[in-house]
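Working notes, structure below.
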Amino acid sequence: QAAGVKKNFSYDHGAIIRGDSTRKEIALVFTGHEFGEGGDFIDSLFLKENIQASFFFTGDFYRNESFSPLIKRLRRRGHYLGAHSDRHLLYCYWSNRDNLLVTQQEFIFDLADNYTAMARHGIEANKASYFLPPYEWYNDTIAAWTSRYGMQLVNYTPGTLSHADYTTDTEKNYRSSETIFKSILDYEQSKPAGLNGFILLMHVGAGPKRTD
């Protein structure tokens, strides 16, 4: 349950961005909106290795019938299933995050629709109070609105390229899987606390335009 400031956690603009860096624990987090082709592999690997992870999906993802079997298995195996907005809205400008692109009403209605889609899979809102913003981009106002409705904003820990696994081959910001993996190992080996308390975010799918 989301309640108050967590001891030894790191925050940014009201969102939890790292757990306790004194503990040798890592949170594996996956988001999904349009694509989910990695889901079956991730699910089977985590089952084999007895790993628990968190999955934050949009309402569009939860409503996509082709993803229903995966969602059902993830829920049955005890993974955390949370919200990632209903339609994957951009909340604020990239160039100036203080300037909002949504009203409070638009934000709340969109998030409510996300939870409605989750409810159809048996996911209760009061057991899914951690919310990961779309595009992993937000500001203090979004965090305050989230908190007002009894939820806690969470985001990835900066420092690696794990979140760049959505980039496709022809994009200028493309990062290969090898480059991404190396960035994670480099961080772990170069920082005193390594990946302790890390929230490592990846995507459950990137679509056919990412070929590696």
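The values are calculated or read from the model by the stated rules, or taken from the named source; none is laboratory data. In this text, all values refer to a predicted model and were calculated from it rather than measured experimentally. Heads up, the Cβs are rebuilt from the backbone with ideal geometry, glycines too, and the neighbour counts pull from every protein chain shown. Please note that ligands, DNA and RNA were not included when accessible areas were found on the heavy atoms of the full protein model with its side chains. Shrake-Rupley method; radii C 1.70, N 1.55, O 1.52, S 1.80 Å.
Out of the residues in the range 174-193 that are in a loop (DSSP other than H, G, I, E, B) and closer than 26 Å to Gly82 by Cβ, state the one that is most open to solvent (accessible area, probe 1.4 Å). So that I can check it myself, show each step before the final result.
The initial filter retains those residues of the range 174-193 that are in a loop (DSSP other than H, G, I, E, B), namely 174-176, 191-193.
Those still in the list that are closer than 26 Å to Gly82 by Cβ too: 175, 193.
Values: Arg175: 87, Ala193: 34 Å².
The qualifying residue most open to solvent (accessible area, probe 1.4 Å) is Arg175.
Hey, among Ala128, Ala119, which residue is open to solvent by less than 10 Å² (accessible area, probe 1.4 Å) and over 30 Å from Lys209 (Cα atoms)?
Ala128
Answer yes if at least one residue in the range 131-142 is at pLDDT 95 or above, in contact with a helix residue (DSSP H, G or I) (Cβ under 9 Å, 6 or more places away or on another chain), closer than 18 Å to His79 by Cβ and in a loop (DSSP other than H, G, I, E, B), and no otherwise.
Scanning the range 131-142, I find no residue that is at pLDDT 95 or above, in contact with a helix residue (DSSP H, G or I) (Cβ under 9 Å, 6 or more places away or on another chain), closer than 18 Å to His79 by Cβ and in a loop (DSSP other than H, G, I, E, B), so the answer is no.
Among the residues of the range 54-64, is any open to solvent by less than 40 Å² (accessible area, probe 1.4 Å), touching a residue at least 12 places away in the same chain (Cβ under 8 Å) and more than 23 Å from Pro134 (Cα to Cα)?
If we filter the range 54-64 for residues that are open to solvent by less than 40 Å² (accessible area, probe 1.4 Å), which is where we start, we get 54-59, 61-62.
The next check asks that each one be touching a residue at least 12 places away in the same chain (Cβ under 8 Å); those that pass are 54-59, 61-62.
The next check asks that each one be more than 23 Å from Pro134 (Cα to Cα); those that pass are none.
So far as the range 54-64 goes, no, none of its residues is open to solvent by less than 40 Å² (accessible area, probe 1.4 Å), touching a residue at least 12 places away in the same chain (Cβ under 8 Å) and more than 23 Å from Pro134 (Cα to Cα).
Can you pull out every residue in the range 117-130 that is acidic (Asp, Glu) and part of a helix (DSSP H, G or I)?
Of everything in the range 117-130, nothing turns out to be acidic (Asp, Glu) and part of a helix (DSSP H, G or I).
Listed residues His79, His84; which is surrounded by 19 or more Cβ atoms within 10 Å (Cβ to Cβ), in contact with a Ser or Thr (Cβ under 6 Å, 6 or more places away or on another chain) and modelled with pLDDT of 95 or more?
It is His84.
Take Ile17 and tell me if it is of a type in the set (A, V, I, L, M, F, W, C), in contact with a His (Cβ under 7 Å, 6 or more places away or on another chain) and surrounded by 15 or more Cβ atoms within 10 Å (Cβ to Cβ).
Considered against the rule, which asks whether it is of a type in the set (A, V, I, L, M, F, W, C), in contact with a His (Cβ under 7 Å, 6 or more places away or on another chain) and surrounded by 15 or more Cβ atoms within 10 Å (Cβ to Cβ), Ile17 comes out as no.
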